[in-house]
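Working notes for the structure below.
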Amino acid sequence: TVRAEATRLAQIAARERQTHLRFLAEVLSAEVDDRNDRRRARCIKEAHFPRRKLLAEFNLDAVPAIGPALLASLATGAYLDAGEPVVLLGDSGTGKTHLLIGLGMAACEQGRRVRYITCAQLVNELVEAADDRQLSRLVARYARYDLVLLDELGYVQIDPRGAELLFQIITAREERASIAIATNLPFSEWGSVFPDPRLVAAIVDRATFNAHILETGTKSY
C-alpha cells in the first residue's frame, strides 16, 4: 500500500505544504487501514460462514426477550476477552443461526479468528482425525480460535465416541477462549444428544459457567 499510495499522497502533501511527519503519517495510516481491511476479509473467509448475517440486521421485535443492549454488549467482544461462552436456546426458525453468525462477523470485524461449524460436522472431523492419528493437532487448532461457533446442537444424536471427542474441544477452550452454541434443546434435554449422563453434566457445566444465555423462544419468523 505504501508503494501504491506514496506518490499520490506526496503530491497532495506538496500542494497542501504538509510537513514530512504529516506526510509520513498519511502514508502509514493508508498502509495500516489496508492491512486491517485485508485481515478482516481473511478472518471472514476462514470462518466458513454458510451465509453473511449481521447483529444489526436481527429482528429484535420478533424476539422481545433479547434486548438491544445485550446484543450491543456482545458486539463489543468483551466476552471474548474474558473467555466466556454464549448459549442460544430456541426452536427452529427463531434466529439462533443468525445471531451465531452475527456474533462471528462482529468478532471478525475486530480481527479475531473465528470458526463456524455444525455439531455434526465437528464430530465427523474429530472422528476422522482420531482415525488418522491427528486428533491432538485438530484439538490444538480449534483451541487457537478466538471464537468457535457450534451450530445445530441437538439436531443429530451423537454416539459415545463422538461425544467424548467433542468434550475435548469444549474442555480445551474452558475459561481460555469463547465458544458459542446454538441449540433447539433446553439443558435438561441434552441427555438425548449425549448418551453418557456424566458427560452431559460435564458439558452443560462448561457450556454454562459464566455464560451469556439468550433465549430466542418458540415462535418462528
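The values are calculated or read from the model by the stated rules, or taken from the named source; none is laboratory data. This is a predicted model, so every value here is computed, not measured. Note: ideal-geometry Cβ built from the backbone for every residue, glycine included; neighbour counts use all protein chains shown. These accessible areas exclude ligands, DNA and RNA; they are computed on the full protein's heavy atoms, side chains included. Shrake-Rupley method; radii C 1.70, N 1.55, O 1.52, S 1.80 Å.
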Worksheet item: Using a Gaussian network for the chain with springs between C-alpha atoms less than 10 Å apart, which of these wobbles most: 28, 60, 147?
Response: 28
Worksheet item: Using 0.36 nm per residue, how much length does the chain from residue 109 to residue 5 gain when fully extended, once their Cα-Cα distance is taken away?
Response: 35.0 nm
Item to complete: Work out the P(r) tail for segment 181-221: percent of alpha carbon pairs separated by more than 13 Å, whole number.
Response: 56 percent
Discussion item. Let me check the size of segment 11-71 from its C-alpha atoms; what are the radius of gyration and Dmax in Å?
Written reply: 20.3, 57
Response to the item:
Percent of all Cα-Cα pairs per 5 Å bin for the chain, counting from 0 up to the last occupied bin, reads 1, 7, 13, 16, 16, 13, 9, 6, 5, 4, 4, 3, 2, 1, 0
Worksheet item: Residue-wise, which Karplus ³J(HN,Hα) couplings in Hz belong to segment 3-13, taking 6.51 cos²θ - 1.76 cosθ + 1.60, θ = phi - 60°, and x for glycine or proline?
Response: 4, 6, 9, 4, 5, 4, 5, 5, 5, 5, 4
Worksheet item: What is the local net charge at residue 59, summed over the other residues whose Cβ is closer than 15 Å to its Cβ (Lys, Arg +1; Asp, Glu -1)?
Response: +1
Worksheet entry | Angle between the chain longest axis and helix 96-109 axis [Cα atoms, degrees, rounded to 10] | 30 degrees
Fill in: P(r) weight above 18 Å for segment 125-170, C-alpha pairs, percent
28 percent
Discussion item. How charged is the neighbourhood of residue 13? Take every other residue with its Cβ under 11 Å from the Cβ of residue 13, and add Lys/Arg as +1 and Asp/Glu as -1.
Written reply: +2
Worksheet item: How much space per residue, in cubic angstrom, does the convex hull of the C-alpha atoms of segment 94-173 take up?
Response: 81 Å³
Discussion item. Quick check: pseudo-label points 7 Å beyond the Cα along Cα→Cβ at residue 133 and residue 176, how many nm apart are they?
Written reply: 2.4 nm
Worksheet entry | Spacing of the two label points (7 Å from each Cα toward its C-beta) at residue 196 and residue 37, in nm | 5.0 nm
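Order these peptides, 203-210, 98-105, by their mean beta-carbon neighbour count within 10 angstrom, highest first. Display every interim value, and only then the final one.
Working: 203-210: 15.4, 98-105: 23.8.
So the order, starting with the most tightly packed, is 98-105, 203-210.
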Discussion item. Let's see if you can work this out: charge +1 on each Lys and Arg Cβ, -1 on each Asp and Glu Cβ, no other charges. What is the dipole magnitude of the chain about its Cα centre, in debye to the nearest 20?
Written reply: 960 debye
Worksheet item: Can you tell me the accessible area per residue over the chain, all protein chains present, probe 1.4 angstrom, in square angstrom?
Response: 55 Å²
Response to the item:
With all protein chains present, the chain has a carbon and sulfur share of its accessible area (1.4 Å probe) in percent of 50 percent
Discussion item. Under 8 Å for C-alpha pairs, at least 6 residues apart: give me the relative contact order for segment 56-181, rounded to a whole percent.
Written reply: 34 percent
Practice prompt. For segment 101-137 and segment 144-172, compute the distance between their C-alpha centroids and round to whole Å.
Written response: 9 Å
Worksheet item: Quick one: if you stick a label point 7 Å off each Cα along the C-beta vector at residue 215 and residue 25, how many nm between them?
Response: 5.2 nm
Response to the item:
Relative to the chain, whose Cα atoms define the longest principal axis, helix 20-47 and its Cα axis are tilted in degrees, nearest 10, by 20 degrees
Response to the item:
In terms of the charge dipole of segment 19-121, which places +1 on Lys and Arg and -1 on Asp and Glu at the beta carbon, the residue among 36, 25, 78 farthest towards the positive end is 36
Practice prompt. For residue 219, list the lysines whose Cα falls under 19 Å from its own Cα; do not include residues on the same chain fewer than 8 positions away.
Written response: 96
